[in-house]
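Q: Structure below; questions to follow.
Where a number appears in this text, it was derived from the coordinates with a stated rule and is not lab data. Quantities reported herein were computed from a predicted structural model and do not represent experimental measurements. Note that we place each Cβ from the backbone using ideal geometry, even for glycine, and neighbour counts take in every protein chain shown.
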Amino acid sequence: MKVNALVMELRENSMVILTKDGEFKEVVIPAKKPRIGDYIDVEIEQVDVEEKRRKVFIPIYKFASIASIFILLIIGTLILNPFNKPVVAVALDINPSVEFYLNQKGLVSKTSAYNSDGQKILDQIDVEGLPLVEAIETFIKKSIDEQYLSPTKDNLIYISFTKIDQDAQLPEILDIENNVEQVLQEEKLEGNLVLEEVSVTEWEEAKENNISVNKLNVIKKLPTSIQAGVKEKANDLSISNILDESRVDIKMVVPNVKHITSDKKDKDDSDDNEDESSENKDEDDDTKKMKDLEDMKNDVYDENKKDDNDRKFDKDEDENKRKDHSIEKVSEKKEDEDKNMKRERQESRKTKENKSKDDDEEDEKTQKSSEKEGMKDKKQNDGRNDKYENGKGDSIDRERKYSEDKKFKDDKNKDKKAEDKDDVKKKSGSGTIKQDNHSEDNVSDHNNSADTKDDDIEDSNDDENDQNSKENDGD
């Protein structure tokens, strides 16, 4: 028979416990070493007989001291209750959806329900103060009694653990797994079991939505289009129902699910056949281990296959990204080349326009310079022509004047000669006549001299006209 006792002292190979009856016992330390102050279950047969004998003679003052300490511990626990503070939350979904809160000792300090089915089970059991393994076992057995787990259903037990206090220690998941498997096999039931740890953030989000964190995590892995509708009625559905309605396999959303079979053989009721029963149990254990190993291999194979598919998908996605990047790069390169060609054509056209403009300006300047030179030459030629014409006119005027003067002189000489002749006629005597003849000869010589002078002036004018003609011809 098991008794629940408080660990008071730890020794090398044994420990001292205090039972609820107030008895101190020394027992062998179990495989999982407890801590001082823990409540553990021990078999009465484990009590050391010699220790019993010695405990009879425990001095009164020693017993009183130990009792005082124990009373103080009880009072401190009741008043301050430091160990009763929840440090770990355990969400359990069958369809009854409940949550257990564990204190620092790993005992259930509080429970809560997320739906009416969960509250119905909690109203019929009392798990507060029990270790988590016992609390889960009690809850599952009651769920079987209420037909929430049955051979005709797709049974699923989903358990998750959340560290409310990050320094808290999680319970032994393997112990819980073995216990759940044992309960189902004793009841000849098959089902799937999920055990996992979730973050405080996910747990708090579930609390805000008033839904089990297990259901919330499953809903998040469903197609986005149906998540909202499923979340509204999640508390009234089991996780198996949610997956069935969504047509999603449990392994698609929870890869670490474990299938539990009902192949465990019944124990032999006969005590005489104990060895055979033990042998069968060992065989069953070996079979179970082989099956577990096979399941683990299958899980590993499925996980590896999933990883291979994920890697292949990632590889294809990376390849598509590289192709898209290459196409984008080629497109950008072509676009840059087109821009450069367009810019070069614009620059070439602009250069040609500038060159044409410069040539036009140069031609215009050359034309203006030529026109300017032509105007200058024309002015010079006009000046020379004017000079020539003026010189030529002066010569004509001089010739005309000379002719007129000469004619006037000739007329004057003729008149004078006539007068002289008249005077000579009037005079008498030969001497006079001879004198007159001599005077007449002098006059004639004078006239000839004047004619010669006039001829020299005319020759000088002709030379000047010839010089002007040569200058005009040179220009």
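Q: Between K291 and E419, what is the label-to-label distance in nm when each label sits 7 Å out along the Cα-to-Cβ direction?
A: So the label points at K291 and E419 sit 18.6 nm apart.
Q: With charges only on Cβ, +1 for K and R and -1 for D and E, what is the dipole size of segment 173-265 about its Cα centre, in debye, rounded to 20? All intermediate terms of the calculation are to be shown ahead of the outcome.
A: Working: 12 positive and 18 negative charges, 62 e Å.
The calculated dipole for segment 173-265 is roughly 300 debye.
Q: Right, something else. With label points built 7 Å along Cα→Cβ from the Cα atoms of D126 and R311, find their separation and express it in nm.
A: 5.7 nm
Q: I need the calculated FRET efficiency for the pair K2 and E172, taking r as the beta carbon distance and R₀ as 22 Å, to the nearest 0.05.
A: Working: r = 18 Å, r/R0 = 0.84.
Rounded to the nearest 0.05, the efficiency is 0.75.
Q: Same structure again: For H259, what residues show an amide H to amide H distance below 5 Å, using hydrogens built from the backbone and excluding near sequence neighbours?
A: L193
Q: For segment 80-227, just say rounded, prolate or oblate: build the C-alpha gyration tensor, square-root its eigenvalues into a ≥ b ≥ c, call rounded for a/c under 1.5, and beyond that prolate if a/b exceeds b/c, oblate if not.
A: On the way: a/c = 1.58, a/b = 1.11, b/c = 1.43.
The shape class here is oblate.
Q: May I pose another question? Order the peptides 2-10, 95-103 from the highest to the lowest mean number of other Cβ atoms within 10 Å of their residues. If you can, show how the numbers build up before the last one.
A: On the way: 2-10: 16.2, 95-103: 23.0.
Highest-to-lowest ranking by the protection proxy: 95-103, 2-10.
Q: So if each residue of separation counts as 0.36 nm, and I subtract the Cα-Cα distance between R247 and E328, what length gain in nm does that give?
A: On the way: separation 81, 0.36 × 81 = 29.16 nm, distance 4.01 nm.
Additional length available on full extension: 25.2 nm.
Q: Give me, ordered by chain and number, the residues 5 or more places off S109 or on other chains with an amide H under 5 Å from its own placed amide H.
A: Amide H neighbours of S109, under 5 Å, 5+ apart: Y101, L102, N103, G129.
Q: Step through the table entries K357/K379; K231/K258; K25/K110; K120/K153; K163/K231, compare each Cα-Cα distance with 27 Å, and write down the pairs that go over it.
A: Details: K357/K379 32 Å; K231/K258 25 Å; K25/K110 30 Å; K120/K153 20 Å; K163/K231 24 Å.
Distance filter (> 27 Å) returns K357/K379; K25/K110.
Q: In whole Hz, what ³J(HN,Hα) sequence does segment 365-380 give by Karplus (6.51, -1.76, 1.60; θ = phi - 60°), x for Gly and Pro?
A: Per-residue couplings from phi come out as 5, 4, 5, 4, 5, 5, 4, 5, 5, x, 4, 5, 5, 5, 4, 5 Hz.
Q: Taking θ = phi - 60°, what integer Hz values does the Karplus form 6.51 cos²θ - 1.76 cosθ + 1.60 yield along segment 28-36, in sequence order, with x for Gly and Pro?
A: 6, 5, x, 4, 8, 5, x, 10, 4
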